[in-house]
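*Asks:* Below is the structure I would like to discuss, written out as structure tokens.
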Amino acid sequence: MEFANPYWFWALIVIPVLAGLYIYRFFTGKQSSLSFSSLDLMEDLPGNWKSHLHWLQAVLKWAGLAFLIIALARPQERLTTVERNAEGIDIVMVLDMSTSMLAEDLKPNRFEAAREVAKDFVDKRETDRIGLVTFAMKSFTVVPPTLDYRLLKRLIDDLEMGVIQDGTAIGMGIATAVNRMKESPAESKVVILLTDGQNNSGEIDPVTAADLALTYNIKIYTIGAGTRGTAPYPIQDPIFGRRYQNVQVNIDEEMLTQVADLTGGRYFRATDSEQLESIYAEIDELERTEVEELIYTDYEDKYSFYLGMSFLLFGLSFLIKVFFTQTITPLD
């Protein structure tokens with residue numbers, strides 16, 4: 001609640017002044033005009049309830065004045081409308097699902113870390129259509145670019161390793177993402193590719209797929225996920241059960257850098273989970289949707305209630321004076 005004329009509240013000071021004068025006049029002006037030798041015989045006479053109504057009349061009058069002052073201060077309710085205009089970005093996340101993504105140099109492993117940061121990235125977007133493509137030996141569209149983030153995150157949670165035949169078809173992953181966005185009217189189109197290896201499968205090599213992306217004005221950010229040197233990889237041994245073997249980390253950084261540079265994107269290297277999170281946060285800042293906000297503010301007056309209450313209280317005070325207290329109290 002806001003007030004257009006708040007300076008009227010200074011007038012509320014008048015009310016306690018009037019109340020004080022009323023009380024003062026009532027008790028000091030209560031002088032008997034006749035003298036009696038004794039009033040003992042009148043102590044047991046029943047009182048008249050009407051004799052107390054002059055207090056109610058005064059309180060109603062003061063309350064009516066208070067409501068009138070509030071009405072003059074013009075209480076208002078602010079009505080704000082925000083109109084947002086945004087040209088959303090089309091984003092397709094391309095996720096490597098080869099078995100090497102089970103290596104545990106990122107915690108709890110590369111695949112789980114990539115899945116969690118992907119969901120966090122989705123949570124930070126508002127007006128962008130986001131899709132998901134996965135690849136191993138072949139590539140598949142899990143969900144095309146959509147604004148249904150709840151569905152997208154649920155499908156990310158449902159991803160399972162081993163469903164796609166093992167391999168690393170990076171070029172096919174890029175090509176599938178391009179195919180999903182080539183007809184999009186969005187002014188900005190982005191692919192975020194995460195892999196931990198080298199292209200060894202598929203009919204299209206990554207650089208050729210990047211040339212195709214450039215044709216459709218699609219920018220590619222590439223992420224190499226994995227530490228440098230060797231990484232612990234879980235192996236199921238039929239005799240000794242689960243054990244770990246250190247495997248060499250072979251990320252084709254030269255190719256990933258070439259793919260990113262060709263399309264105007266950037267290449268990042270994530271050697272741990274924290275670095276992977278910061279990379280997605282940086283991409284999130286680099287590819288922000290420009291949102292134009294138009295704010296319209298209107299005000300709805302609420303003084304009619306207080307004015308009506310003021311008239312009602314003044315009216316009740318007047319009726320009590322006319323019909324009950326006209327002859328009881330010498331005070332108006």
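The values are calculated or read from the model by the stated rules, or taken from the named source; none is laboratory data. This structure is a prediction, so every number in the text was calculated from the model and none was measured. Methodologically, a virtual Cβ is constructed for each residue, glycine included, from the backbone with ideal geometry; neighbour enumeration extends over all protein chains shown. Areas reflect the complete protein model, heavy atoms only, side chains present, ligands, DNA and RNA absent. Shrake-Rupley method; radii C 1.70, N 1.55, O 1.52, S 1.80 Å.
*Asks:* So for region 156-212, averaging the separation of alpha carbon pairs under 8 Å that are six or more residues apart and normalising by length, what relative contact order in percent results? Don't skip to the end; give the middle numbers.
*Replies:* On the way: 48 pairs, mean separation 30.0, N = 57.
About 53 percent, as a whole number.
*Asks:* What nm value, rounded to one decimal, do you get for the distance between N179 and L151 when each label is placed 7 Å out toward the C-beta?
*Replies:* Those two pseudo-labels are separated by 2.0 nm.
*Asks:* What lysines sit close enough to K124 to cross-link, taking a C-alpha to C-alpha distance under 27 Å and skipping anything fewer than 8 places away on the same chain?
*Replies:* Leaving aside lysines fewer than 8 places away in the same chain, those within reach of K124 are K107, K153, K182, K189, K219.
*Asks:* So, one more: For the pair E300 and D120, what calculated FRET efficiency results from E = 1/(1 + (r/R0)^6), where r is the Cβ-Cβ distance and R0 = 51 Å, to the nearest 0.05?
*Replies:* Working: r = 41 Å, r/R0 = 0.80.
So the FRET efficiency works out to roughly 0.80.
*Asks:* Using only the Cα atoms, what convex hull volume per residue in Å³ does region 189-316 have?
*Replies:* On the way: hull volume 33.5 nm³, N = 128.
So the per-residue hull volume is 262 Å³.
*Asks:* Taking a ≥ b ≥ c as the square roots of the eigenvalues of the Cα gyration tensor of region 117-215, is the shape rounded (a/c under 1.5), prolate (a/b larger than b/c) or oblate?
*Replies:* On the way: a/c = 2.14, a/b = 1.20, b/c = 1.78.
The shape class here is oblate.
*Asks:* So how exposed is V17, as accessible area in Å² (1.4 Å probe, rounded to 10)?
*Replies:* 80 Å²
*Asks:* In terms of Cα to Cα distance under 20 Å, which lysines are near enough to K61, apart from those fewer than 8 places away along the same chain?
*Replies:* K50, K321
*Asks:* Also, quick follow-up: Estimate the FRET efficiency between E282 and Q236 by the formula 1/(1 + (r/R0)^6), using the beta-carbon distance for r and 30 Å for R0, to the nearest 0.05. Before the final figure, lay out the partial values.
*Replies:* Working: r = 37 Å, r/R0 = 1.22.
Approximately 0.25, to the nearest 0.05.
*Asks:* Still on this model: Tell me, what is the FRET efficiency for R228 and D261 to the nearest 0.05, using R0 = 25 angstrom and their Cβ-Cβ distance as r? The partial results should precede the final answer.
*Replies:* Numbers: r = 21 Å, r/R0 = 0.86.
Computed FRET efficiency for R228 and D261: 0.70.
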